[in-house]
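Colleague: What follows is a structure written as structure tokens; I'll ask about it next.
The values are calculated or read from the model by the stated rules, or taken from the named source; none is laboratory data. Nothing here was measured: the structure is a model prediction, and the numbers come from that model. Cβ sites come from the backbone with ideal geometry, for glycine too, and all protein chains shown count toward neighbours. Ligands, DNA and RNA are stripped out before the accessible areas are found, and what is left, the full protein with its side chains, is counted by its heavy atoms. Shrake-Rupley method; radii C 1.70, N 1.55, O 1.52, S 1.80 Å.
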Amino acid sequence: MRIGVLAIQGDVREHLLHVKKAGADAMEVRQLGDLDSVDGLIIPGGESTTIGMLMQEEGLIDVIRRRIRDEEFPVYGTCAGLILLATEVVGKSPARISVMDMVADRNAYGRQVASFEASLQIDGITGKPFPAVFIRAPQVKSIGPLVKPLAYYRGQIVMAEQGSLLASSFHPEMTDDIRVHQYFLDKVRRR
Amino acid sequence: MADKKQATFTVKSGLAEMLKGGVIMDVTTPEQAVIAEHAGAVAVMALERVPADIRAAGGVARMANPRIVKSIMEAVSIPVMAKTRIGHFVEAQVLEALEVDYIDESEVLTPADDQYHIDKWNFSVPFVCGARDLGEALRRIAEGAAMIRTKGEPGTGNVVEAVRHLRQVNAQIRHVVATPDVELPDLAKELRAPLDLIRRVKELGRLPVVNFSAGGVASPSDAALMMQLGADGIFVGSGIFKSSNPEKMARAVVRATLHYNDPKIVAEVSEDIGESMPGLEMSTLLPQDRMQDRGI
């Protein structure tokens, strides 16, 4: 199994390392051709405006959207990646894949001074609470009927899935814990 | 569940990790900030003057007026950074009160303390600092910097110093990696850097925080050059808004930074972008005009 990490900008290196630690091959995805050889894709944290715009220019948005619709291509979006997956975004909106039925609010926790770490209980992930890092993180304001919440922080949904799609407001790649990546790899395997 | 921890080093260095592979642009007005955001900048640096104009104006360069910083923060949704003078912890307190996303303790401004940098551990907002070599970078990290940028020579549009400093840092990292553990304490003394950070560099084979390149990038090829030399991302100061067509230059530098390993794309984005800023030859700079020698 090979997982691609969208390598336009952002926390690419850490996701690649986590995928490898979780037991799959990992490769950078920069251009359309790279998509052909991966079984699933991670969209890392970064600046959603920048990533969305450059994905658009590379033609990646349309192809990823088509693969999700036609073949249930597994995609996991973290932070900026969550925004790119959401069907709706509050306020200024970057170019998006727009496939996951939810409303995302960019930087809803506030500016960098409000960034934080917290431990989360996540559905489907057993053992001790998961150490989650929130950096200028988005919030999920509401979800459609197809979306299943997996984790909450202070009453707010911070991780959810819809079919082959997975999204989290927080960064699971910034600590040594690989359980969220294992969870995504299991999704890819089950497909 | 709600054991919320804020202002940890993970959170501070984490924002810099999110900026990797991107371009951070100096801006002096909300309009310029919007141009930068539209071009795909991952963050902007709010300033009163770009380094080339600071050089031209002479006199003492200070933190930007809070009104400028606030108006830029209101204009864009990407992170906003702002510069404080080296050692001027009150300017830094002011910038923290404004809730800028990152503070640059910068040699571009006139230093306020010729002995000590700001104790950056005292702040919730993360800091980026300049460095010309590994020792300088690690001293700044020891003071609490969560991001490093190699200094280059700001406001010159001449990439030679940026290249020199990045090569220097990388050569010294290779040296640390190749040095036996027993010799590390001596190397730490030689580099005037804390031993624990030297050990960390050896373990990682890189700096423990993100390292961008700054000070002289004035064309898409310059940006791709610094990326190929191993920079995590690019700061462009005067290079955008001192060029003849800032919109196009900004966009081209962003694309060249993304596709730094693809000369065909760098060639394509370099057409029709107008003229780069004129630039300065290093030998024309007087010693007192060299910003990189401040705060080492």
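Colleague: Please indicate, with yes or no, whether at least one residue in region A:159-177 is among the aromatic types (Phe, Trp, Tyr), open to solvent by less than 10 Å² (accessible area, probe 1.4 Å) and part of a loop (DSSP other than H, G, I, E, B).
Modeller: yes
Conditions (1) over 14 Å from the mean Cα position of the chain (by Cα); (2) among the β-branched types (Val, Ile, Thr), marked per residue:
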residue	(1), (2)
B:12	yes, no
B:21	no, no
B:44	no, yes
B:55	yes, no
B:66	yes, no
B:69	yes, yes
B:75	yes, no
B:83	no, no
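Okay, residues lined up against (1) open to solvent by less than 30 Å² (accessible area, probe 1.4 Å); (2) at the interface with chain B (Cβ under 9 Å from one of its Cβ atoms); (3) touching a residue at least 40 places away in the same chain (Cβ under 8 Å); (4) not in a strand (DSSP E or B):
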| site | (1), (2), (3), (4) |
| --- | --- |
| A:81 | yes, no, yes, yes |
| A:88 | no, no, no, no |
| A:107 | no, yes, no, yes |
| A:124 | no, no, yes, yes |
| A:127 | no, no, yes, yes |
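Colleague: Considering only residues that are open to solvent by 10 Å² or more (accessible area, probe 1.4 Å) and either within 14 Å of chain A (Cβ to nearest Cβ) or under 16 Å from residue B:96 (Cβ atoms) (or both), which ones fall in region B:42-63?
Modeller: B:63
Colleague: Okay, moving on. Which count do you get for residues in region A:62-78 that are part of a helix (DSSP H, G or I) and closer than 17 Å to residue A:10 by Cα?
Modeller: The number of residues fulfilling the criteria is 0.
Colleague: Could you run through region A:21-34 and say how many residues are touching a strand residue (DSSP E or B) at 6+ places or on another chain (Cβ under 6 Å) and buried (at least 17 other Cβ atoms within 10 Å of the Cβ)?
Modeller: So the answer is 3.
Colleague: Please work out which one of (1) part of a loop (DSSP other than H, G, I, E, B); (2) basic (Lys, Arg); (3) within 14 Å of chain A (Cβ to nearest Cβ) is the condition residue B:70 fails and give its number.
Modeller: Result: residue B:70 fails condition (1) only.
Colleague: Still on this structure: If you check residue A:155 against the conditions, is it open to solvent by 40 Å² or more (accessible area, probe 1.4 Å) and either within 14 Å of chain B (Cβ to nearest Cβ) or without any contact (Cβ under 8 Å) to a residue 40 or more places away in the chain (or both)?
Modeller: Spelling it out, residue A:155 is indeed open to solvent by 40 Å² or more (accessible area, probe 1.4 Å) and either within 14 Å of chain B (Cβ to nearest Cβ) or without any contact (Cβ under 8 Å) to a residue 40 or more places away in the chain (or both).
Colleague: Could you check residue B:82 against (1) among the small types (Gly, Ala, Ser); (2) modelled with pLDDT under 95; (3) open to solvent by less than 40 Å² (accessible area, probe 1.4 Å) and say which number it fails?
Modeller: (2)
Colleague: Now a separate question. Which of the residues belonging to region A:151-191 are closer than 18 Å to residue A:133 by Cα, under 13 Å from the mean Cα position of the chain (by Cα) and of a type in the set (A, V, I, L, M)?
Modeller: Matches in region A:151-191: A:158, A:159, A:160, A:166, A:167, A:180.
Colleague: Next question, about the same structure. Scanning region A:132-142 for residues that are in a strand (DSSP E or B) and either surrounded by fewer than 19 Cβ atoms within 10 Å (Cβ to Cβ) or among the small types (Gly, Ala, Ser) (or both), which turns out nearest to the other protein chains (Cβ to nearest Cβ)?
Modeller: Here the residue is A:132.
Colleague: How many of the residues in region B:175-226 are free of Cβ contacts under 8 Å to residues at least 40 places away in the same chain, open to solvent by less than 20 Å² (accessible area, probe 1.4 Å) and among the hydrophobic types (A, V, I, L, M, F, W, C)?
Modeller: Looking only at that region, the number is 3.
Colleague: Here is a follow-up. Which condition from (1) touching a residue at least 12 places away in the same chain (Cβ under 8 Å); (2) open to solvent by 30 Å² or more (accessible area, probe 1.4 Å) is the one that residue B:277 breaks?
Modeller: (2)
Colleague: Quick check on region B:1-41: of everything there that is open to solvent by 10 Å² or more (accessible area, probe 1.4 Å), of a type in the set (Val, Ile, Thr) and more than 14 Å from every other protein chain (Cβ to nearest Cβ), which residue is nearest to residue B:148 (Cα to Cα)?
Modeller: Checked region B:1-41; the qualifying residue nearest to residue B:148 (Cα to Cα) is B:28.
Colleague: With the requirement that a residue be more than 23 Å from residue B:237 (Cα to Cα), among the aliphatic types (A, V, I, L, M) and open to solvent by less than 10 Å² (accessible area, probe 1.4 Å), what does region B:89-140 give you?
Modeller: B:138, the sole residue that qualifies.
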